[in-house]
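**Q** Next up is a structure, given as structure tokens.
The values are calculated or read from the model by the stated rules, or taken from the named source; none is laboratory data. These numbers were taken from a predicted model, which means no experiment stands behind them. Here the Cβ positions follow ideal geometry from the backbone for every residue, glycine too, while neighbour counts run over all protein chains shown.
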Amino acid sequence: MAESSILIVDDEPGIAHLCERLLVRAGYHTQAVTNPHRALEMLSRQGADLLLVDIRMPGMDGFELMRAARQLHPDLAVVIMTGFGTIETAINALHLGAEGLILKPFANGRELVESVQYALDVHRRQRDAMRLRTLRPLFEVTRQLFSETNPTKLRTLLLDAVCTYLACDTVGLYGHGGQEPDLMLEDGRGQPPVAEKVAALFDDVTETVVWNGDKVPASLPYSAAVCVFTRGERHSRYLLATRADDGMPFSDADVEFLDILAHQGAVALENAHLYEELRTYVRRIEESQNLLVQAEKMATAGRLTASIAHEVNNPLQAMRNCLHLATRTELTPQERDEYLQLAQGELERLMTTVQRMLDFYRPDAVERKPADLHDLIDRVVMLLRSEMSHQNIELQLDLEDDLPRPWVVRDQLQQVLLNLALNAIEAMPDGGTLRIETRYNQDAIIIQIADSGPGIPPEMRSQIFEPFFSTKEQGSGLGLSVCDGIITAHGGRLEVVDRPNWGACFQITLPLRTQ
């Protein structure tokens, strides 16, 4: 009770001071005046929780003072005092919203204190009930605000909510900041004042300001107005809500609702602008990536076209020369046969190159079956045994027992193993060691084919799987590309790995099941 402040207004000084003593004794903070106009001045400056007012006073009666006080403070509790209690008086008091009516003279001080206490309790319950009624729409509006990321739609939601729940005639959202240092009207409902008319009025507004009744500035032709100021990292905004001349003043609950809604809306708008900037940034990144991918595709197509032209043109040029020479009349039959054989050799070379190109680019549609890798390795070793013996190459086999069988195309995997083994043999023209190793690692099978040759220079490792790249003078550059395509189609991986004390080491990693 000690926190409640009461303004006592009675034109009889004795009654005013009596009420003051009784209420101070009960623990209230009170002020007593005998002039109703003086009372309005005090209310406009500092407010009060309850107005205890006499009905009959010169210049302004209690009902008129009550109406004027409610214009300033809509949530003000009122207790009427009168020495002429009639039914009509009670009805008028209730009609105007008074929380209590007490007759003079008081029978005792307890009657006055109990009436004041009852009026304050009723007023608090009404205010709490009003707050509860505003919580649900406030939560719903806030949910909608934070689920929307379009700034334009956000402003529409915010202003529509203010008009709907606060019954405002006009609502204006003003802002400045970023690239717009001057105040501007971002959006509005009704006919809010233009920015130039309220710019000076907002200069000193750094929080929520309420103008009711006579406190409304002359630049705002309304009976009530509220301005909520919100400051963001990049934008400051003012939300101005007004009611026309015949509108009700803004209550404390109205102002609280608007204050929360304005700040939540400001945060949502800041988030929406950040999200919009992020979407724009991501879109630009995607466009840049698409341009880079397209440029890389064009560059790859150019390199590929040049490589194909080179690989096809060489044998064609040789064939043309051989056929041209074979038509010369002064040649002997033996010389003519030699030129024709050379042309046939170049033709077979061209056909082999084209076939490898088809193998590289043609999708695989062959059925896969479980295969014994050790059996495939034995077949490859058998095919190469004579060549290894001729070049004095030692074979080392380290094959893991009970190796699981992966699902593969046998002929294709045999082609890969044969190609890698041939490359290793060609890398050791003066002899050396060829090592083939298998092992099972978790859900994958690993095959390593290593040689004791000079190895692959580090600067070439990133290119050896590209089509038509070769370190051999007569190589087509398609062997490793075809091998890599076959292993990739099986869901595996072909790569060059480091192996101490060895030259080149190619590792094949195959998943156990690649059906």
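**Q** Could you tell me how many of the residues in the stretch 152-181 are in a helix (DSSP H, G or I) and at pLDDT below 85?
**A** Matching residues across the stretch 152-181 total 3.
**Q** In addition: If I filter the stretch 229-249 down to residues being among the small types (Gly, Ala, Ser) and part of a strand (DSSP E or B), which single residue comes out as nearest to residue 161 (Cα to Cα)?
**A** Filtering the stretch 229-249 for residues that are among the small types (Gly, Ala, Ser) and part of a strand (DSSP E or B), the one nearest to residue 161 (Cα to Cα) comes out as 241.
**Q** Yes or no: residue 73 over 22 Å from residue 104 (Cα atoms) and either small (Gly, Ala, Ser) or surrounded by fewer than 15 Cβ atoms within 10 Å (Cβ to Cβ) (or both)?
**A** Spelling it out, it is not the case that residue 73 is over 22 Å from residue 104 (Cα atoms) and either small (Gly, Ala, Ser) or surrounded by fewer than 15 Cβ atoms within 10 Å (Cβ to Cβ) (or both).
**Q** Looking at the stretch 415-457, which of its residues are of a type in the set (A, V, I, L, M) and over 53 Å from the mean Cα position of the chain (by Cα)? First the steps, then the outcome.
**A** First, pick out the residues of the stretch 415-457 that are of a type in the set (A, V, I, L, M): 416-418, 420-422, 424-425, 427-428, 434, 436, 444-447, 449-450, 456.
Residues satisfying the conditions are 422, 425, 427, 428, 434.
**Q** Going through 126, 117 one at a time, which residue ends up being assigned by TED's automatic domain parsing to the domain that holds residue 45, over 27 Å from residue 243 (Cβ atoms) and modelled with pLDDT of 75 or more?
**A** Details: 126 fails: over 27 Å from residue 243 (Cβ atoms).
Criteria check complete, one pass: 117.
**Q** If residue 202 meets every condition in (1) at positive phi; (2) at pLDDT 85 or above apart from one, which number is that one?
**A** If we test residue 202 against (1) at positive phi; (2) at pLDDT 85 or above, just (1) comes out false.
**Q** Separate question: Which of (1) assigned by TED's automatic domain parsing to the domain that holds residue 146; (2) out of contact with any Gly (no Cβ under 8 Å at 6 or more places or on another chain); (3) not β-branched (Val, Ile, Thr) is the odd one out, the single condition residue 292 does not satisfy?
**A** For residue 292, the exception is condition (1).
**Q** Of all residues in the stretch 382-410, count the ones that are under 58 Å from the mean Cα position of the chain (by Cα) and in contact (Cβ under 8 Å) with a residue 24 or more places away in the chain.
**A** Residues meeting the conditions: 13.
**Q** Which condition from (1) in contact with a Phe, Trp or Tyr (Cβ under 9 Å, 6 or more places away or on another chain); (2) closer than 21 Å to residue 159 by Cα is the one that residue 256 breaks?
**A** (1)
**Q** Just to be sure before I move on: is residue 482 modelled with pLDDT of 85 or more and touching a Phe, Trp or Tyr at 6+ places or on another chain (Cβ under 7 Å) in the structure I sent?
**A** No, not satisfied.
**Q** Another question, if that's okay. Among 80, 15, which is the only one that is among the β-branched types (Val, Ile, Thr) and part of a helix (DSSP H, G or I)?
**A** Testing whether each residue is among the β-branched types (Val, Ile, Thr) and part of a helix (DSSP H, G or I) leaves just 15.
**Q** Within the stretch 1-35, restricting attention to residues that are of a type in the set (D, E, K, R) and surrounded by fewer than 21 Cβ atoms within 10 Å (Cβ to Cβ), which residue is modelled with the lowest pLDDT? Give the derivation first.
**A** Of the residues in the stretch 1-35, the ones of a type in the set (D, E, K, R) are 3, 10-12, 20-21, 25.
With the extra rule that they be surrounded by fewer than 21 Cβ atoms within 10 Å (Cβ to Cβ), the set shrinks to 3, 11-12, 20-21, 25.
Working: 3: 69, 11: 88, 12: 89, 20: 89, 21: 89, 25: 88.
Filtering the stretch 1-35 for residues that are of a type in the set (D, E, K, R) and surrounded by fewer than 21 Cβ atoms within 10 Å (Cβ to Cβ), the one modelled with the lowest pLDDT comes out as 3.
**Q** Looking at the stretch 172-190, is at least one residue in the same structural domain as residue 145 (by TED's automatic domain parsing), crowded, with 19+ Cβ neighbours inside 10 Å and closer than 26 Å to residue 70 by Cα?
**A** Checked against the condition, which is being in the same structural domain as residue 145 (by TED's automatic domain parsing), crowded, with 19+ Cβ neighbours inside 10 Å and closer than 26 Å to residue 70 by Cα, the stretch 172-190 yields at least one hit.
**Q** Sort out which residues of the stretch 410-458 are buried (at least 19 other Cβ atoms within 10 Å of the Cβ) and part of a loop (DSSP other than H, G, I, E, B), and write them in order of number.
**A** 427, 428, 452, 453 - these are the residues of the stretch 410-458 that are buried (at least 19 other Cβ atoms within 10 Å of the Cβ) and part of a loop (DSSP other than H, G, I, E, B).
**Q** Quick check, is residue 53 buried (at least 20 other Cβ atoms within 10 Å of the Cβ), modelled with pLDDT of 85 or more, among the β-branched types (Val, Ile, Thr) and not assigned by TED's automatic domain parsing to the domain that holds residue 242? Full working, then the answer.
**A** Values: buried (at least 20 other Cβ atoms within 10 Å of the Cβ): yes; modelled with pLDDT of 85 or more: yes; among the β-branched types (Val, Ile, Thr): yes; not assigned by TED's automatic domain parsing to the domain that holds residue 242: yes.
For residue 53, the condition - buried (at least 20 other Cβ atoms within 10 Å of the Cβ), modelled with pLDDT of 85 or more, among the β-branched types (Val, Ile, Thr) and not assigned by TED's automatic domain parsing to the domain that holds residue 242 - is met.
**Q** Just give me the residues in the stretch 20-42 being hydrophobic (A, V, I, L, M, F, W, C) and either closer than 10 Å to residue 9 by Cβ or not assigned by TED's automatic domain parsing to the domain that holds residue 112 (or both), in sequence order.
**A** The answer is 32, 33, 39, 40, 42.
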